[in-house]
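The values are calculated or read from the model by the stated rules, or taken from the named source; none is laboratory data. Being a predicted model, the structure only gives us computed values, none of them experimental. With ideal geometry, Cβ positions are generated from the backbone for all residues, glycine too; neighbour counts draw on all protein chains shown. Protein only, heavy atoms only, side chains kept; ligands, DNA and RNA dropped before computing areas. Shrake-Rupley method; radii C 1.70, N 1.55, O 1.52, S 1.80 Å.
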Amino acid sequence: YPQVCYLAGMDSSRYLKTAADLADEFDIARFQTALNEWRAVIRDVLQQPRPDTHRLIAKEKILDYLDLQLERAAKWTIEADLLGLIFRRLIELQFWTEYATDEVKAEAFVYEAGIDAREVSEWFAKAYPDGPVIEAAHFPQGKRIALSQESEEEKLFWKISTKFVHCSSMAVIYAKDAKLNSTFLHMFAVQILIYASRIIEMLDWSTTAA
């Protein structure tokens, strides 16, 4: 394979400009338009053939998951807690995207899905010892990769989105506070565009094969 840039059709700087404009004056229709334009490019990219390296397998799965989150964001533009859920997932997805740019680490990322499956099967066996057996023997063993927030800004956004994702006192008490909902809905929407742009930049991978 020659050097191939699978995301050559996506100009993320354009969407960063949209995010900046929406931060000044939020418009749901413009937010949805930006998300749907991105999704169209992503779906086109996912249809292109590519070699089966762990790095590119991970990239394809990350792109597919990003597309799913952007699809939901375009629909869930009424409640802040729903956009907060998507935003927090993108914070995590950014970590995985950066991690999986290395071929060895990408293999570890793909391998971890089996470790997660083993954990789930063990939890079921513990909760329902007399129930149906979910065989765990064929799942790999190992420790999961630790997720972390690097910057103070990322830590801030993680904590704020968590307040909305979990059934916190704040989420319960202010569930129908229109002003609070509007403020954080706008913030989450803008950050979704920014984090999606960062992920897109990280996914602009190429590969060279003899």
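Points worth noting:
- Residues of segment 106-118 classified as open to solvent by 40 Å² or more (accessible area, probe 1.4 Å) and either modelled with pLDDT of 90 or more or out of contact with any Gly (no Cβ under 9 Å at 6 or more places or on another chain) (or both), total: 5
- Extreme residue, farthest from Y195 (Cα to Cα), among residues of segment 39-67 that are open to solvent by 60 Å² or more (accessible area, probe 1.4 Å) and within 12 Å of the chain's Cα centre (by Cα): K61
- Filter result for A74 (in contact (Cβ under 8 Å) with a residue 24 or more places away in the chain and surrounded by 20 or more Cβ atoms within 10 Å (Cβ to Cβ)): no
- Odd one out for M170 among (1) touching a Lys or Arg at 6+ places or on another chain (Cβ under 9 Å); (2) part of a loop (DSSP other than H, G, I, E, B); (3) among the aliphatic types (A, V, I, L, M); (4) loosely packed, with under 15 Cβ neighbours inside 10 Å: (2)
Yes/no matrix, rows are residues, columns are (1) at pLDDT 90 or above; (2) in a helix (DSSP H, G or I); (3) among the β-branched types (V, I, T):
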| residue | (1), (2), (3) |
| --- | --- |
| A40 | no, yes, no |
| R55 | no, yes, no |
| K61 | yes, yes, no |
| Y65 | yes, yes, no |
| Q69 | yes, yes, no |
| F87 | yes, yes, no |
| T97 | yes, yes, yes |
| V104 | no, yes, yes |
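- Test for A175: is it in contact with a Pro (Cβ under 8 Å, 6 or more places away or on another chain) and either surrounded by 13 or more Cβ atoms within 10 Å (Cβ to Cβ) or modelled with pLDDT under 90 (or both): no
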